[in-house]
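Trainee: I have a structure I would like to understand better, so I am pasting it below and will then ask my questions one at a time.
The values are calculated or read from the model by the stated rules, or taken from the named source; none is laboratory data. It should be emphasised that the depicted structure is a prediction, and the values quoted were computed from it without experimental measurement. So basically every Cβ, Gly included, is an ideal-geometry build from the backbone, and we count neighbours across all protein chains shown. Note: areas computed on protein heavy atoms with side chains; ligands, DNA, RNA excluded. Shrake-Rupley method; radii C 1.70, N 1.55, O 1.52, S 1.80 Å.
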Amino acid sequence: MHLLLRTLFHLFRSRRRPKLGIWDTSSLPLRVLPTDVDMALHINNGMYFSLMDLGRFDLMVRSGMWAVMRRNGWNPIVGGETISFRKPLNLGARYTIESKIIGFDERAIFFEQRMVSGGEIYARAYICARLVSKQGPVSNEEIFAETGQPPAELVLPEWIHEWRLNNSLPSTRRPAPHAWLK
């Protein structure tokens, strides 16, 4: 909830930043706020993904994709995330969230996002997301009709395919029983 106002602020702010293409890289400058940190006064590991939402919103708004999504009734849904940490971002530190689409498969859009400070990567995440509407998942053909075809060099690394397949849960139309507790 505490990120709701911050998200709305950045949605508004991103509209006034320079335009980007959907295949470009967004760079969102931020500072570590008191609401971002844990008892060690660095960004809490659980907060990284919430902050990275801001970076993806920045890319979507600045590229015009946010307006396309709203017009078509499409909503983004994250299906999987993985992150690696290198250094802590401490209270008050300035950093940027670098966000870009790195590819597609038949079900999802994949983002790479980095928290960068002083020219160094502090954390890197990969996010698997899809667009859904009231009718169900939005196909790549529908997305590409709005965005244009992805650049030819945008080829999803094989390990990302494997990660999604090995990390995903069954679809909501199939059972996913929980058997830890008896």
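Trainee: If you bin the C-alpha pair distances of segment 1-55 every 5 Å from 0, what whole percents do you get?
Mentor: Calculated over all Cα pairs of segment 1-55, the distribution is 4, 16, 27, 23, 16, 9, 4, 1 percent.
Trainee: GluC sites (Glu not before Pro), restricted to segment 84-181: which are DSSP loop and have at most 13 other Cβ atoms within 10 Å? Don't jump to the answer; show the numbers that get you there.
Mentor: Numbers: sites: Glu98, Glu106, Glu112, Glu120, Glu141, Glu142, Glu146, Glu153, Glu158, Glu162; in loops: Glu106, Glu153.
Loop-located and lightly packed - Glu106, Glu153.
Trainee: Continuing with this model, one more query. Please give the length that would be gained between Lys134 and Leu4 if that part of the chain were fully extended, namely 0.36 nm times their separation in residues minus their C-alpha to C-alpha distance (nm, one decimal). If you can, show how the numbers build up before the last one.
Mentor: Details: separation 130, 0.36 × 130 = 46.80 nm, distance 2.36 nm.
Value of the extension gain: 44.4 nm.
Trainee: Less than 11 Å Cβ to Cβ from Ile22, Lys/Arg counted +1 and Asp/Glu -1: what total charge do the surrounding residues give?
Mentor: Cβ neighbours under 11 Å give a net charge of +1.
Trainee: How far apart, in nm, are the 7 Å Cα→Cβ label points at Glu141 and Leu91?
Mentor: Taking the two extended label points, one gets 5.5 nm.
Trainee: Taking 0.36 nm per residue of separation and subtracting the Cα-Cα distance, what length does fully extending Asn45 through Arg70 add? Spell out each step's value before the answer.
Mentor: Values: separation 25, 0.36 × 25 = 9.00 nm, distance 3.05 nm.
5.9 nm is the gain from fully extending Asn45 to Arg70.
Trainee: Determine, for each peptide in 55-62, 122-129, the mean count of other beta carbons within 10 angstrom over its residues, then list the peptides with the highest first. Don't jump to the answer; show the numbers that get you there.
Mentor: On the way: 55-62: 23.2, 122-129: 20.0.
Packing order, densest peptide first, comes out as 55-62, 122-129.
Trainee: Could you compute the net charge surrounding Arg114? Neighbours are other residues with a C-beta less than 13 Å from the C-beta of Arg114; K and R count +1, D and E count -1. Could you put the intermediate results ahead of the total?
Mentor: Details: positive: Arg56, Arg86, Lys87, Lys100, Arg124; negative: Glu98, Glu112, Glu120.
Charge balance in the 13 Å sphere: +2.
Trainee: If you don't mind, there's one more thing I want to ask. Specify which labelled value, from [x] 0.95; [y] 1.21; [z] 0.98, agrees with Rg/Rh (Cα atoms, Kirkwood Rh) derived from the coordinates of the model shown.
Mentor: [z]
Trainee: Which whole-Hz couplings ³J(HN,Hα) result when phi for each residue of segment 112-126 is put into the Karplus expression 6.51 cos²θ - 1.76 cosθ + 1.60, θ = phi - 60°, listed in order with x for Gly and Pro?
Mentor: 10, 9, 10, 9, 10, 9, x, x, 10, 7, 9, 8, 9, 10, 10
Trainee: Could you check how much of the accessible area of segment 1-142 is carbon and sulfur, as a whole percent, using a 1.4 Å probe? If you can, show how the numbers build up before the last one.
Mentor: Working: 4110 of 7330 Å².
Of all accessible area on segment 1-142, carbon and sulfur atoms account for 56 percent.
Trainee: For the chain, modelled as a Gaussian network with Cα springs under 10 Å, which listed residue fluctuates most, Asn90, Asn45, Asn166?
Mentor: Judging by the Gaussian network model, the answer is Asn166.
Trainee: Measuring from label point to label point, each 7 Å out along Cα→Cβ, what is the Arg107 to Ser84 span in nm?
Mentor: Output for this residue pair reads 2.4 nm.
Trainee: Over segment 63-170, average the accessible area per residue using a 1.4 Å probe and give it in Å², no decimals.
Mentor: Values: 5940 Å² over 108 residues.
For segment 63-170, the solvent-accessible area averages 55 Å² per residue.
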